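Engineer: The structure's right below; bear with me while I get my questions together.
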Amino acid sequence: MASLKTPHPLVPWFELVWYSHNIRRMSFILWLAIRGRLSMLDRVHLHNPYVGTFCVLCSSFPETHAHLFFECAYSKAIWSHLKDMCGRPWNGHSWPRFITWAAQRWRGKSPSIVVKKLCLTVAVYYIWR
Ligand SMILES: [Zn+2]
């Protein structure tokens with residue numbers, strides 16, 4: 001019989017989401033966003049064809065994770081306000097590439113790293129909300 005406590009390897013972005021100063025409910029939303037599991041309109045539309053697919057923030061493009069967090073003009077404005085605090089990490093990166101990039105570089109518990117992680121977590125939470 002297999003044990004339920006069998007250890008599983010950590011995903012590379014584990015420390016990007018779960019760290020000592022995180023805000024759990026916001027980290028949970030970031031976790032869902034990284035896994036592509038937030039209820040975006042493109043996903044909702046699959047189950048309810050009467051729901052539109054256009055982004056609720058700009059009404060110009062289909063609402064996907066990539067669009068909502070990086071391509072939408074509204075989100076870009078938020079990131080541009082945060083870029084000095086977080087070192088301009090998202091210019092030109094797609095959502096998956098950015099997460100990989102940040103997970104490789106934002107390691108450790110120094111105040112500057114924690115601030116970068118908090119910026120990401122809070123920005124993703126409020127953009128999604
Ligand atoms: Zn948009």
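The values are calculated or read from the model by the stated rules, or taken from the named source; none is laboratory data. Bear in mind that the values here come from a model prediction, so they are computed numbers and not experimental data. Quick reminder, even Gly has a Cβ in these numbers, built from the backbone with ideal geometry, and neighbours come from all protein chains shown. Heavy atoms of the whole protein, side chains included, go into the accessibility calculation; ligands, DNA and RNA do not. Shrake-Rupley method; radii C 1.70, N 1.55, O 1.52, S 1.80 Å.
Engineer: Pairs, please: C-beta under 8 Å, at least 6 apart or cross-chain, first residue of a type in the set (A, V, I, L, M, F, W, C) and in segment 53-80, second more than 7 Å from the ligand (Cβ to nearest atom) and part of a strand (DSSP E or B)?
Structural biologist: So the pair list comes out as 54/62; 55/62; 61/54.
Engineer: Which of the numbered conditions does residue 77 fail, given that it passes all the others? Conditions: (1) open to solvent by less than 60 Å² (accessible area, probe 1.4 Å); (2) more than 16 Å from the ligand (Cβ to nearest atom); (3) more than 24 Å from residue 104 (Cβ to Cβ).
Structural biologist: Only one criterion is unmet by residue 77, namely (2).
Engineer: Restricting to segment 18-63, name every residue that is within 16 Å of the ligand (Cβ to nearest atom) and within 12 Å of the chain's Cα centre (by Cα).
Structural biologist: Answer for segment 18-63, where residues must be within 16 Å of the ligand (Cβ to nearest atom) and within 12 Å of the chain's Cα centre (by Cα): 33, 38.
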